[in-house]
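Since the structure comes first, as structure tokens, the remarks are kept for the end.
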Ligand code: FE
């Protein structure tokens with residue numbers, strides 16, 4: 001049995017798939033190559049962006065975006081995932097954070113699909129290869145795949161997840177299902193989706209991002225600093241007032 005099939009058969013009991021941080025009107029606008037370089041041209045810029053999640057509630061969930069990211073990465077680490085997939089888990093919602101306003105709300109209520117998975121994968125391509133960016137790019141379409149192929153999955157989605165699902169294209173047709181299965185990183189995207197769905201535990205002990213930085217460092221396309229230097233960069237970001 002392939003991982004795709006085993007994931008379909010062993011879904012966690014609870015699934016909620018909201019990605020509902022409000023974002024400003026620029027969310028639907030593609031970023032130019034220049035802005036990509038300015039945004040994530042360095043690990044410092046990336047980690048600074050990730051830290052923004054500390055002050056952003058995950059709307060409708062008892063966690064912040066920061067806690068959600070770290071819980072997703074912790075589940076990946078616990079599952080023995082590769083450094084690339086642990087990094088993808090940590091960064092899978094960075095597309096929300098890069099454009100997130102301080103205001104909160106639910107973009108789906110405004111009929112907006114913020115396409116955070118596309119934006120995040122695009123931005124991260126400056127620093128990481130496909131093993132990191134593809135599962136991120138596919139983690140929304142993985143929800144559509146599971147809704148279509150995993151009995152009961154869609155019934156457990158929250159109201160907002162159903163709304164975002166409709167905006168994201170709804171269930172797949174058979175051609176789309178076949179096309180998804182053939183994607184090179186489909187299985188990793190499904191694993192990421194499963195962790196994403198359950199990484200919303202308001203009572204979970206806090207995670208330290210330092211736990212995941214060695215994986216992030218190992219996954220870098222072109223490490224320009226040692227892992228120790230990366231840790232130093234993080235500590236300097238952490239102590240900088242927002
Ligand atoms: Fe997520």
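Worth pointing out:
- Test: residue in segment 22-31 that is modelled with pLDDT of 80 or more, out of contact with any strand residue (DSSP E or B) (no Cβ under 6 Å at 6 or more places or on another chain) and buried (at least 18 other Cβ atoms within 10 Å of the Cβ): no
- Among the residues of segment 54-69, the ones that are touching a helix residue (DSSP H, G or I) at 6+ places or on another chain (Cβ under 6 Å), crowded, with 23+ Cβ neighbours inside 10 Å and in a helix (DSSP H, G or I) come to 2 in all.
- Verdict on residue 219 being closer than 22 Å to residue 67 by Cβ and crowded, with 19+ Cβ neighbours inside 10 Å: yes
- Options 139, 122, 185; residue that is modelled with pLDDT of 90 or more, within 16 Å of the ligand (Cβ to nearest atom), within 19 Å of the chain's Cα centre (by Cα) and crowded, with 19+ Cβ neighbours inside 10 Å: 139
- Total residues in segment 142-171, condition more than 17 Å from the chain's Cα centre (by Cα) and without any contact (Cβ under 8 Å) to a residue 40 or more places away in the chain: 11
- Conditions (1) in contact with a helix residue (DSSP H, G or I) (Cβ under 9 Å, 6 or more places away or on another chain); (2) at pLDDT 90 or above; (3) assigned to a helix (DSSP H, G or I): number failed by residue 207: (3)
The values are calculated or read from the model by the stated rules, or taken from the named source; none is laboratory data. Computed from a predicted structure; not experimentally measured. Methodologically, a virtual Cβ is constructed for each residue, glycine included, from the backbone with ideal geometry; neighbour enumeration extends over all protein chains shown.
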